């Protein structure tokens, strides 16, 4: 059996492990357009800021590929899929045949149509190791940087530059940073921490023009008319599923590659997992892309199992985002900003001076969402309680306590969460809830 995996991030790791559990003999080839072995993407800001070295970027043993007998093709981009001939075409013209194909290509940065964007030299994105390396390479020449976007990616870019003692301004269209993943109090706490560390934050505004001549940047003009002096711009609006290369393949693509609960696409023997996939949501069952680290691993595991002849059902994506920002840890999961708050029971605790905040969202006495700022050690337990749809009535009053955890759970619930099935929820998959 020839297994081919396009992409080399956490979804690929989940698939490789699942395949090898069921098939120790089949050939596995991994093709990646990046030149690095799999690495922790949330670490790129620390690489930029000089807090870690390149050797610490990998989270796998050095012999992972060798041990799993992987044929690894780095710095190779797949540009087309021939689903009838069961092969993929590389940018260099070569083709690779497959029996089972997994598309785990992740996401591409979204670049908005901003005037002056295409004719300037010092404009960057910030989603990969190479993005961080490019910024670090010119860091001695950076004085002032503007980061367009106040989401997870933008804030990590700002933090990395701030660690290099650069002047940084973050421009965010919404009324707060982290608007899509976190609620207003959590966003305010993070913004307060940013300002305490010298990062300027401008909300409810956006960049309409990048100014400068001869390729050099002099600053940016905002929709409000304000001008911000800078010599470098980082575009961090978000990512889109990297699926443009599938035109003509017959594979159904909506916003992402549409998959069923085994991660199978509309074409036989082709699967998709991770940021590129459009899979079912845990609560609604509706399909949408979900660029979430633990979810990508679970999808890869389900896809790899199916490719090797086994069967696992994907139970739906649980929105989960995390960012550690100047040593303040934050995690949000599930429903955190209900559209109809009256239908939910919401409990909060906050100590803004000490960067502490906790929000619990219940519906029919079931935990459906949580925001944790400052103390996230037991985030995996909260994720397990959501996925297992546990009745929270017996310990609802203790959920806001910083000490809430294992001791508060009944023996039956502990068994559900920590037994063989539940361990998957509370392992690295749930604990590594680091948004991409």
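Read-outs throughout are calculated quantities, based only on the coordinates presented, and are distinct from any laboratory measurement. This is a predicted model, so every value here is computed, not measured. We place every Cβ from the backbone using ideal geometry, glycine too, and count neighbours over all the protein chains shown.
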Below 8 Å, C-alpha to C-alpha, sequence gap of six or more: please give me the relative contact order for the stretch 320-431 in percent. 22
The stretch 320-431: C-alpha gyration tensor shape, a/c 1.5 cut-off, then a/b vs b/c: oblate
Ranked highest first by the average count of other Cβ atoms within 10 Å around their residues, in what order do 307-320, 399-412 fall? 307-320, 399-412
Hypothetical label at residue 345: residues of the stretch 374-408 whose amide nitrogen lies under 14 Å (7 Å Cα-Cβ projection): 390-400
What is the fewest-to-most order of 305, 330, 29, 105 by other Cβ atoms lying within 10 Å of their Cβ? 29, 305, 330, 105
Calculated FRET efficiency, residue 411 and residue 130, Cβ-Cβ r, R0 56 Å, to nearest 0.05? 0.70
Let me make sure I get this right: for the stretch 123-237, a, b and c are the square roots of the gyration tensor eigenvalues over alpha carbons, sorted descending. Under 1.5 in a/c it's rounded, otherwise prolate if a/b > b/c, else oblate. Which is it? oblate
Out of the DSSP beta bridges found with both residues in the chain, what percent are antiparallel (nearest 5)? 60
Taking 0.36 nm per intervening residue step and subtracting the Cα-Cα distance, what contour gain separates residue 163 from residue 213 on full extension? 15.1 nm
Residues residue 196 and residue 227, FRET efficiency given R0 of 25 Å [Cβ-Cβ distance, rounded to 0.05]: 0.45
Arranged by the count of other C-beta atoms within 10 angstrom, fewest first, what order do 121, 301 take? 121, 301
Which distance in nm do the two modelled labels at residue 337 and residue 352 give, with both placed 7 Å along the Cα-to-Cβ direction? 1.8
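Pull out a ≥ b ≥ c, the square roots of the eigenvalues of the alpha-carbon gyration tensor of the stretch 234-323, then state rounded if a/c is under 1.5, prolate if not and a/b is larger than b/c, and oblate in the remaining case. Let's see the in-between values first.
Working: a/c = 1.80, a/b = 1.16, b/c = 1.55.
Oblate is the answer for the stretch 234-323, as a/c is 1.5 or above yet b/c matches or exceeds a/b.
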Could you compute the FRET efficiency for residue 141 and residue 35, with r as their C-beta to C-beta distance and R0 at 25 Å, rounded to 0.05? 0.55
222 nm [θ] for the chain, helices only, -39500 (n - 2.57) per DSSP H run of 4+, per residue, to 500? -6000 deg cm²/dmol
Order of 130-136, 338-344 by packing, highest average Cβ count within 10 Å first? 130-136, 338-344
Answer label, with Rg and Dmax of the Cα atoms in Å calculated from the coordinates and candidates (1) 22.5, 63; (2) 22.7, 81; (3) 22.1, 68: (3)
Sort 14-22, 111-119, 140-148, 224-232 by packing, meaning the average of other beta carbons within 10 Å per residue, with the highest value first. 14-22, 140-148, 224-232, 111-119
Taking springs between alpha-carbon atoms closer than 10 angstrom, which of 92, 250, 154 fluctuates most in the Gaussian network model of the chain? 92
Starting from the 7 Å offset along Cα-to-Cβ, what nm value, one decimal, do you get for the label separation of residue 397 and residue 363? 2.7
Taking neighbour Cβ counts within 10 Å as the exposure measure, how do 252, 324 sort from fewest upward? 252, 324
